[in-house]
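Below: one structure, written as structure tokens.
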Amino acid sequence: MPKKIGLLSPFLPKKDGIAIYSNNIITHLNLEGLKIVKIGDEESEADYKVDFRSFNLKDDLRRIIKKEKLDLLHIQYVPTLFGKYNLNFNLIRALKQDIPVITTLHEVHYSNKGLRDFVLSWIEKQLIKGSTKVIVHTPQQKQFLEKRYKARNAVCIYHGLNLWKQSKRKNKNILFFGFITPLKGVEYLINAMKQLKDCKLTIAGSIPKGVKEEYKEHIQRLADMENIETEIRWISEKEKLKFYDWADIVVLPHVWAPYQSGIMHNAIACGLPVVVTRAGSLHEMVDIFKLGKVVPPKNSKLLAEGIKDVFKGYDGFNKGVKEYQRLANWKKISEEHKELYRKLA
């Protein structure tokens with residue numbers, strides 16, 4: 001069993017889903033008796049801080065590995081963390097260490113249509129080749145890597161759930177939570193509410209830097225309806241639970257989603273069924289465990305019908321939610337990480 005593991009990731013207090021995910025990993029692996037050394041960026045509260053986008057990343061990591069006598073390095077990966085214009089060469093180079101390196105791919109890119117998709121797929125291939133193991137969060141993602149890249153080092157470990165207070169159904173309350181951007185498809189959910197007069201929608205979350213102010217104004221104009229309330233601001237981890245407690249279902253009307261959503265997993269952790277779009281890999285666990293309904297993206301009519309279907313079959317979808325909670329709670333997920341570390345060490 002390895003004695004020390006380096007975890008390369010953003011960490012709290014950074015307002016980032018990967019930082020929250022990594023905090024959960026550390027909390028539960030510490031409970032498993034493992035020593036985790038946090039290697040973060042300049043915004044993180046970490047044991048060591050490095051520049052994720054620097055071409056010196058390999059050497060910086062090597063020094064930390066040597067100083068701390070690490071047995072294994074585990075990287076939490078999304079492309080934007082490691083630079084947009086350097087094609088992640090710095091990370092690809094940094095995989096060449098004297099200890100095993102695991103990379104968790106929080107995005108898996110199925111499409112290969114344009115230049116952007118081609119570049120992301122090329123990076124993905126290099127990360128798979130350079131890593132001792134790669135972790136993905138759905139069986140379909142694992143199968144995809146094996147088929148497209150002939151990957152023999154892919155492992156599926158579910159995203160992980162903190163089982164919070166289980167919400168009881170109150171009425172027909174719908175929640176959209178998280179960053180509000182054009183890729184999240186909020187406008188389609190707002191339009192769907194015209195067909196859901198007996199439902200209430202709360203849109204809660206912040207609009208990140210880089211999104212035009214006109215978009216925020218556009219969303220607020222669209223949402224000026226009697227059955228919609230908005231809380232467009234940053235919402236803390238502690239405060240967000242009151243939104244999930246109010247909700248009966250959570251809707252993710254995304255138009256692009258090559259990831260497993262932390263928001264969706266928060267909903268499941270609270271016992272809430274979901275409605276999601278068939279975008280990227282977002283829908284895959286919903287399909288497998290019957291956690292709710294899956295609808296096409298960019299279609300308000302079918303989104304409204306999916307929401308109605310979840311309310312009609314609410315108890316049945318709750319059975320799927322409970323089964324996923326059993327298999328994907330953080331205690332079980334941390335045990336699976338520990339077993340993978342043991343095999344590699």
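Within the group G292, G320, which residue is crowded, with 21+ Cβ neighbours inside 10 Å and under 25 Å from E107 (Cβ atoms)?
Working: G320 fails: crowded, with 21+ Cβ neighbours inside 10 Å.
The unique qualifying residue is G292.
Within the bounds of the stretch 83-104, is there any residue that is buried (at least 19 other Cβ atoms within 10 Å of the Cβ), within 18 Å of A279 (Cβ to Cβ) and either modelled with pLDDT of 95 or more or in the same structural domain as L8 (by TED's automatic domain parsing) (or both)?
no
List the number of the failed condition for L8; all other conditions in (1) in contact with an Asp or Glu (Cβ under 6 Å, 6 or more places away or on another chain); (2) within 22 Å of P258 (Cα to Cα); (3) modelled with pLDDT of 95 or more hold.
Failed condition: (1).
Can you find, within the stretch 124-152, the residue that is farthest from T103 (Cα to Cα) among those that are under 21 Å from the mean Cα position of the chain (by Cα) and part of a loop (DSSP other than H, G, I, E, B)?
Taking the stretch 124-152 as the starting set, the residues that turn out to be under 21 Å from the mean Cα position of the chain (by Cα) are 124-125, 127-128, 131, 133-145.
From what's left, part of a loop (DSSP other than H, G, I, E, B): 131, 137-138.
Values: S131: 6, H137: 12, T138: 15 Å.
For the stretch 124-152, the residue satisfying everything is T138.
How about the stretch 127-157: which of its residues are hydroxyl-bearing (S, T, Y) and either buried (at least 20 other Cβ atoms within 10 Å of the Cβ) or closer than 18 Å to N112 by Cβ (or both)?
Our first condition is that a residue be hydroxyl-bearing (S, T, Y); within the stretch 127-157, this holds for 131-132, 138, 149.
Of everything in the stretch 127-157, those that are hydroxyl-bearing (S, T, Y) and either buried (at least 20 other Cβ atoms within 10 Å of the Cβ) or closer than 18 Å to N112 by Cβ (or both) turn out to be S131, T138, Y149.
Among A257, A204, A267, which is within 30 Å of E124 (Cα to Cα), in contact with a Lys or Arg (Cβ under 9 Å, 6 or more places away or on another chain) and either part of a helix (DSSP H, G or I) or not acidic (D, E) (or both)? Walk me through how you get there before you give the answer.
Details: A204 fails: within 30 Å of E124 (Cα to Cα); A267 fails: in contact with a Lys or Arg (Cβ under 9 Å, 6 or more places away or on another chain).
Matching residue, one of A257, A204, A267: A257.
Would you please name the residue that is surrounded by the fewest Cβ atoms within 10 Å (Cβ to Cβ), looking only at residues in the stretch 265-276 that are over 15 Å from the mean Cα position of the chain (by Cα) and touching a residue at least 40 places away in the same chain (Cβ under 8 Å)?
G271
Are any of the residues in the stretch 42-59 among the basic types (K, R) and assigned to a helix (DSSP H, G or I)? Write out each step before concluding.
Narrowing the stretch 42-59 to residues among the basic types (K, R): 49, 53, 58.
Pick out the ones that are also assigned to a helix (DSSP H, G or I) and you get 58.
Within the stretch 42-59, one or more residues are among the basic types (K, R) and assigned to a helix (DSSP H, G or I).
Report yes if some residue within the stretch 50-58 is among the hydrophobic types (A, V, I, L, M, F, W, C) and surrounded by fewer than 18 Cβ atoms within 10 Å (Cβ to Cβ); otherwise report no.
There is at least one residue in the stretch 50-58 that is among the hydrophobic types (A, V, I, L, M, F, W, C) and surrounded by fewer than 18 Cβ atoms within 10 Å (Cβ to Cβ).
Report, by residue number, each residue of the stretch 145-186 that is touching a strand residue (DSSP E or B) at 6+ places or on another chain (Cβ under 9 Å) and on the phi > 0 side of the Ramachandran plot.
Scanning the stretch 145-186 gives G160, G178, G185.
Pairs needed: first member in the stretch 153-169, within 20 Å of D248 (Cβ to Cβ); second member anywhere, assigned to a loop (DSSP other than H, G, I, E, B) and acidic (D, E); C-beta distance under 6 Å; at least 6 residues apart or different chains.
Qualifying pairs under 6 Å: R169/D248.
Quick one: is L340 assigned to a helix (DSSP H, G or I) and either surrounded by fewer than 17 Cβ atoms within 10 Å (Cβ to Cβ) or not assigned by TED's automatic domain parsing to the domain that holds L189 (or both)? If you could, list the steps in order and put the result at the bottom.
On the way: assigned to a helix (DSSP H, G or I): yes; either surrounded by fewer than 17 Cβ atoms within 10 Å (Cβ to Cβ) or not assigned by TED's automatic domain parsing to the domain that holds L189 (or both): yes.
The answer is yes for L340.
So which of A223, A279 is more than 30 Å from T104 (Cα to Cα), of a type in the set (G, A, S) and either touching a His at 6+ places or on another chain (Cβ under 7 Å) or at pLDDT below 95 (or both)?
A223
May I ask you to verify whether G178 is in the same structural domain as H283 (by TED's automatic domain parsing) and out of contact with any Asp or Glu (no Cβ under 8 Å at 6 or more places or on another chain)? Don't jump to the end; show me each part of the working.
On the way: in the same structural domain as H283 (by TED's automatic domain parsing): yes; out of contact with any Asp or Glu (no Cβ under 8 Å at 6 or more places or on another chain): yes.
For G178, the condition - in the same structural domain as H283 (by TED's automatic domain parsing) and out of contact with any Asp or Glu (no Cβ under 8 Å at 6 or more places or on another chain) - is met.
Can you name every residue in the stretch 76-91 that is free of Cβ contacts under 8 Å to residues at least 24 places away in the same chain and not in a helix (DSSP H, G or I)?
Start the filter on the stretch 76-91 by keeping residues that are free of Cβ contacts under 8 Å to residues at least 24 places away in the same chain, which leaves 80, 84-85.
Listed by number, the residues that qualify are K84, Y85.
The values are calculated or read from the model by the stated rules, or taken from the named source; none is laboratory data. Small disclaimer: the values here were computed from a predicted structure and weren't measured. Every residue, glycine as well, gets a Cβ built from its backbone with ideal geometry; the counts of neighbours run over all protein chains shown.
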